[in-house]
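Asker: The following block contains the structure, expressed as C-alpha cells.
Computed from the coordinates by the stated procedures, all read-outs in this text should not be read as laboratory data. Owing to the predicted nature of the structure, the values given are computational and were not obtained by experimental measurement. Because the Cβ atoms are built from the backbone with ideal geometry, glycine has one as well, and the counts that use them run over all protein chains shown.
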Amino acid sequence: MMRTTARQRVRTRRTLATCAVTVTAALALAACGGGTTPEEVAGGGGSEGAGEFTGEYDGPDVELSYWNGFTGGDGPFMQGLVDQFNEEHPNIKVVPNTIQWADFYQRVPAAVNAGEGPDVGVMHLDQLATNAARSVIVPLDDVAEALELSEDDFSEEVWSAGIYEDQRYGIPLDVHSLAMFYNTEHFEAAGITEPPTDEESFMAALDALQAAGYQQPFWMPARWPGHLMFLSLLWQNGGEPYAEDGSEARFGSEEGVEALQWMRGIVDAGYSPSDVAQDSQYVAFKNGETSITWDGIWQINDLEASGVPYALAPIPAIFDEQLMWANSHQFFMTKQVRADENKYEAARVFIAWMSEQSADWAGAAMIPARESIREEAVSGMPQEPIANLLDNVRFLPPVPGIGTVQSETLEQAVANAILGQEEPQAALESAQGRATELMQENLESFGG
Amino acid sequence: MSQTRVAAPGDTVDVVRRDQRASRRGVAKHGKVTPWLFLLPYLVLFISFVLLPIVLGLWISLHRWDYTLPGKPFVGLENYQDLFDSGSGIYSIFWNSMRATGIFTVASVPLLLVLPLLVALAMNRKFPGRNLFRAVYFAPYVLGVAVVGVLWRYLLDANIGLVNHYLGALGLPDDTAWLTSTPAVWVALVGVTVWWTMGYNAVIYLAALQDIPKELYEAARVDGANRWQQFVNVTFPGLRPVLAFITMITIIASANMFGQSYLMTQGGPGRETRTAIYQIAETGLRNFSMGDAAAMSYVLTAFLMVLSVLVFWLFRERRS
C-alpha cells in the first residue's frame, strides 16, 4: 500500500508542474530551425565535427549523467535498459540518477544552473517548453536529423509536441494517456459485454452496474486525475484549455463549463459518492468498491500486481469526438553536454539506442512513441487498445510555465466544482481570469 | 535566570557566582579569543545558514528573481506593495494563506499548551507502567511528517477511511468529509498535529515539573494548601519560564505548518488549507518567483516577531 501511495504521489506531482508542448508547427520548420542560439551554433559544429552518425562511439571512455523520474513500476524497466546499454558499450558509462518527478522539475534547473546537472535525461513533454525557455535544455534538431528520426516514424501529435519556438527539444520515448479502467467481474455481473464507447453506452453501463448492486460505480475524483478528465472532456467538446501562444486561458469557455457540469453531474446523480479525496477513487477501484475509474495507463503494472480483475479501454466519447489527455516522456540534453564533444557524441549514441530499444519500454506500461516498434511491442499488452488510438490523444500546448498556471488555477477550480463548493461556471471563470493573469506574467518574464 | 531564582535556594546561587568569577579569571589568562574559538563552529553555521540567507533574502525580495533566467530586474519594494495592494493578483492568494496559517495557529496552540501539560502532570505521578506511558505519548513525535500525513490521509478518507467506518459502527455520523470540506478539514489537521507533536511539549513540561523542588510542595501542604492551590501557587509559577518557551516554539511551529496540509489535503478542499509556508514554497520553488516568495517570507516573519514580543510581554516577570 505504501508503495502504491508513493507511486500515486509521483503521478500526482506530475501534473503539478504540467506544462505541455503540443504544437502544430510543421516538420519543415523543425528541420531547418538551427543556428539561431549560441547553443545551437555550438551543437551544429559538434555534429559536423562528428561526421556521419553511425550509432557507434569509439572515442575515449566517457561517463554520462542520466536523470529521470521513473520511481514507480517503470523504474526497474529503465534500470534494465541502462544496464544493457552499459554492457554493450564498454566505453560509455551511463550513470542514472532517479528523482521523483515532483522534485525533478525543481532540481534539474537548479542543478544545470550550477553546472552539476545531467548530461542527458528524460522529462515530460509538457515541461520541455518551460525548460527550453529557461535555457536548461538545448535544441536537438541536429540530433534528430543525425539519428534519422523523422515524423514518418511517429504520429504527428507526438512528434510535433517536442517542438518549442520552431526548434526540437525532445526526442519522444513514449506516450501515456488517460484511459478507462473497468472491473471485468462487475461488468459481467451487470451483463455489459462491450466497454462503453460513447455517452449513451457509458450512462447505460452505469445504470446497469447500479442495477446489479454496484451502487457507486464511477467515483469522481476532485484531485488528480480529475483535471486530466476535465481536459479530455474539454477537448472532446471542441474546446481548448489555453491559447497556443500562451496569451490567455480558455478553459472557462462554454465547452469547459459543460464538461465540468457533466463531471459534477456524476456525483449529483449518485454514481459517485461526494467528497472523493485524493487517490481514494483509485484505492476503491483496486478494492473492487467501484467499477470504473479513469486513470493513466501507467497504473497497469500496479493493477496487475493488485490482482483486481480489470481491463482497459479508451475514454468514451462523452461529447463529440473521442479524445484523451496524454503526455509523453522525451529525451533531452542539457547545455553542459554540448560543451564536450565526446560526451555529446556518446549522448547521441545513448538516445539513439534507447529509441531503438523502446519496445522493451512497453513493459513499463507505456506506449512506445516509434510507430515501427509500437505495434509489435504492445501486441497483447493491456495498453494495446490505447496504442491504436494515438491520433486521438491531445497534449497541452508548448507554453512555458503552464504547469504552475494549471496547478494554481484549473486544478483547484475542478476540485471546487466536483466537491460542490462552487458552481462549475463560477469556478472556471474565476480560475480562468487568474490563469490568464499568470500567463501574461509568464510571457513577460520569459521575454514574450 | 528566572528559573534559577525559582528553583535554587540562595546558597546554591552563591556557589554559581563563585564559579563564574573563577572561570572569568581563566578566560582572561587565555586571552579574549578563547570564547570566540569555542563559538566559532556554531558561528560559522549561523552566519552561513541564518545570517547570510536573511540578508540575501532581503536582497532577493527587492527583485523579480527567477534564478533560471538571466535577467533579475530590480523592482524596489514592488513585491511588498503587491502583497498589500488589494488589486494585485497575489494579494488575495497571500492573505488567504496567511488566514489559513492564522486559523491553524489559533486552533492548535491552545490545545498544544494545555493537553501536554495535563499529560505531563499525569506522567509526573508515580504509578506502575509510567515509563511505558511516557514512551507512548512521545512515540508519534518520532514519526516524520510524511508518515503522519500519508497515514492519516487514508485513515481520515471520507469514503474509504477507518475513522468514518468506526464512527459509523458506533452509531455516530459517518459521512464527515474530513479532508475535503471545511471546517472538518481544520479539525482533522489540528487533531493530527496535536496527536503528532503533543509528546514533545509534554516532555519539556515534565522536565520542568521535575525541576520544581519538592520542599515547596511540602511547605504548601504544611500551610494547608489543597491540590488546586498547590498547582496555582507552586506548579504554575515554577512552570512560567518554560511556559513562555513552549508557547513561543509552539506558535512558531504552528505558523510554519506545511507538511500536514501538503500531504493530507493538498491545500484543499480548494485552497483553504494552503498555509503561508505552503504558498511561499509553491511561489518560490515551483513557480520560481523567488522575489515574491522572499517578500512573503519577510511579511510572515514580521508577524511572528510581533507575536514573539507579545508572548514575552505576557509572560514577563511581574514584580509586585
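Asker: Bin width 5 Å, alpha-carbon pairs only: give the P(r) of segment B:77-314 as whole percents, running from 0 to the bin holding the largest distance.
Answerer: 1, 6, 11, 14, 14, 15, 12, 10, 7, 5, 3, 1, 0, 0
Asker: May I pose another question? Using a 7 Å offset from the Cα along the Cα-to-Cβ direction at both residue A:423 and residue B:248, what is the distance between the two label points in nm, to one decimal?
Answerer: 5.2
Asker: Could you give the length gained by full extension between residue B:77 and residue B:174, i.e. 0.36 nm per residue of separation minus their alpha carbon distance, to one decimal place?
Answerer: Working it through step by step, the gained length comes to 29.9 nm.
Asker: Restricting things to alpha carbons, tell me how big segment B:276-320 is in terms of Rg and Dmax, in Å.
Answerer: 15.8, 55
Asker: What whole number of Å gives the distance from the Cα centroid of segment B:192-247 to the Cα centroid of segment B:300-316?
Answerer: Going from one Cα centre to the other spans 23 Å.
Asker: Binning every alpha carbon pair distance of segment A:191-247 at 5 Å from zero, what are the percents per bin?
Answerer: For segment A:191-247, the binned pair fractions read 4, 15, 17, 20, 19, 12, 6, 4, 3, 1 percent.
Asker: Then there is this: Looking only at A:240, A:185, A:384, which one moves most when chain A is put into a Gaussian network model with springs between Cα atoms under 10 Å?
Answerer: Maximum fluctuation in the GNM of chain A, among the listed residues, is at A:185.
Asker: Please check: in the Gaussian network model of chain B (C-alpha springs, under 10 Å), which one of B:156, B:121, B:172 has the largest mean-square fluctuation.
Answerer: The residue with the greatest mean-square fluctuation here is B:172.
Asker: So, one more: Write down the percent of antiparallel bridges among all DSSP beta bridges whose residues are both part of chain A, to the nearest 5. Walk me through the numbers on the way to the answer.
Answerer: Numbers: 24 of 37 bridges.
So the antiparallel bridges amount to about 65 percent of the total.
Asker: Continuing with the same structure: Run the simple label-point estimate for residue A:185 and residue B:131 please: 7 Å along Cα→C-beta, distance reported in nm.
Answerer: Modelled inter-label distance: 4.9 nm.
Asker: Quick one: of the DSSP bridges fully inside the protein assembly as shown, what percent are antiparallel, nearest 5? It would help to have the intermediate numbers written out before the result.
Answerer: Numbers: 25 of 38 bridges.
Of the beta bridges lying entirely in the protein assembly as shown, close to 65 percent run antiparallel.
Asker: Return the FRET efficiency for the residue pair residue B:219, residue B:122: r is the Cβ-Cβ distance, R0 is 22 Å, and the value is rounded to the nearest 0.05.
Answerer: On the way: r = 24 Å, r/R0 = 1.08.
The calculated FRET efficiency here is 0.40.
Asker: Then there is this: Would you work out the relative contact order for chain B, in percent, from Cα pairs under 8 angstrom that are 6 or more residues apart?
Answerer: On the way: 324 pairs, mean separation 83.5, N = 320.
It comes to 26 percent, rounded to a whole number.
Asker: Please order A:445, A:272, A:407 by the number of other Cβ within 10 Å, starting at the fewest.
Answerer: On the way: A:445 18, A:272 26, A:407 22.
Fewest-to-most Cβ neighbours within 10 Å comes out as A:445, A:407, A:272.
Asker: Right, something else. Please check: in the Gaussian network model of chain B (C-alpha springs, under 10 Å), which one of B:216, B:111, B:304 has the largest mean-square fluctuation.
Answerer: Of B:216, B:111, B:304, the most mobile in the Gaussian network model is B:216.
Asker: Considering only A:251, A:380, A:319, whose Cα is most displaced toward the positive end of the charge dipole of chain A, charges sitting on Cβ of Lys, Arg (+1) and Asp, Glu (-1)?
Answerer: Going by the charge dipole, the pick is A:251.
Asker: Arranged from highest to lowest average of other beta-carbon atoms within 10 Å per residue, in what order do the peptides A:225-231, B:36-42 appear? Numbers along the way, then the final one.
Answerer: On the way: A:225-231: 26.6, B:36-42: 10.1.
Sorting A:225-231, B:36-42 by mean packing, highest first, produces A:225-231, B:36-42.
Asker: Pop a pseudo-label 7 angstrom from the Cα along the beta-carbon direction at both residue B:317 and residue B:54 and give the gap in nm to one decimal.
Answerer: About 2.6 nm, to one decimal.
Asker: Quote the FRET efficiency, to the nearest 0.05, computed for residue B:308 versus residue B:42 with a Förster distance R0 of 25 Å and r equal to the Cβ-Cβ distance.
Answerer: On the way: r = 22 Å, r/R0 = 0.86.
For residue B:308 and residue B:42, the calculated efficiency is 0.70.
Asker: Ok, one more. Which FRET efficiency, nearest 0.05, do residue A:308 and residue A:244 yield, Cβ-Cβ r, R0 35 Å? Display every interim value, and only then the final one.
Answerer: Working: r = 40 Å, r/R0 = 1.13.
E between residue A:308 and residue A:244, to the nearest 0.05, is 0.30.
Asker: Using only the alpha carbon atoms of the protein assembly as shown, find the Kirkwood hydrodynamic radius as the inverse mean reciprocal pair distance, in angstroms to one decimal. Don't skip to the end; give the middle numbers.
Answerer: On the way: mean 1/r = 0.0343 Å⁻¹.
The answer is 29.2 Å.
Asker: Counting other beta carbons within 10 Å of each residue's own, what order do B:235, B:250 fall into, fewest first? Don't skip to the end; give the middle numbers.
Answerer: Working: B:235 19, B:250 22.
So the residues, fewest neighbours to most, are B:235, B:250.
Asker: Calculate, in nm to one decimal, what residue A:95 and residue A:372 gain on full extension: separation in residues at 0.36 nm each, minus their alpha carbon distance.
Answerer: Values: separation 277, 0.36 × 277 = 99.72 nm, distance 2.84 nm.
Gain in length upon complete extension: 96.9 nm.
Asker: May I ask for the equivalent-ellipsoid semi-axes of chain A, computed as the square root of five times each C-alpha gyration tensor eigenvalue and listed largest first in whole Å?
Answerer: Details: eigenvalues 286, 121, 65 Å².
Working through the eigenvalues yields semi-axes of 38, 25, 18 Å.
Asker: Treating only the Cβ atoms of Lys and Arg (+1) and Asp and Glu (-1) as charged, compute the dipole magnitude of segment B:77-314 about its Cα centre; round to the nearest 20 debye.
Answerer: Working: 13 positive and 13 negative charges, 171 e Å.
Result for segment B:77-314 is approximately 820 debye, rounded to the nearest 20.
Asker: Treating cross-link reach as a plain straight distance, find the lysines whose alpha-carbon is under 18 Å from the alpha-carbon of residue A:93, omitting any fewer than eight places away in the same chain.
Answerer: Residue A:93 reaches A:343.
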